[in-house]
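Asks: First, the structure itself, so that you have it in front of you.
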Amino acid sequence: MELDEERFGLIASEIGAAVLELVHHGQLVDRMAIVNALESKRRTVGNTLHKGGCRDAAALVRNNGDRS
């Protein structure tokens, strides 16, 4: 997956925010919890670009779990 720097920054920021939110709420931090947090955020934000960033971040976390 090729990403330009700005898009990569948005995706990294969304993943980091999801992890921090899970830690703050005392929840287990694993791949599916991060994906679920990102998908949940995607449903609540109104900005189309932000929705796309959350979607791409969730896809990146979800798909990279298949690599060994």
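A short reminder: the numbers here are calculations on the coordinates, not readings from a lab. The model shown is predicted, which means the values in this text are computed figures rather than measured ones. Backbone-built Cβ (ideal geometry, glycine too); neighbour counts: all protein chains shown.
Asks: Counting residues in the range 5-66 as N, plug N into 2.2 N^0.38 Å and put the Cα Rg over that result.
Replies: Taking the Cα Rg and dividing by 2.2 N^0.38 Å, one obtains 1.03.
Asks: Where in the chain are the DSSP H helices whose C-alpha atoms run 18 Å or more along the long axis and whose mean Kyte hydropathy is at least 1.0?
Replies: Result, helices passing both filters: zero.
Asks: A follow-up question, please. At 7 Å along Cα-to-Cβ for each site, give me the label-to-label distance between S40 and E6 in nm.
Replies: For the pair S40/E6, the computed spacing is 3.0 nm.
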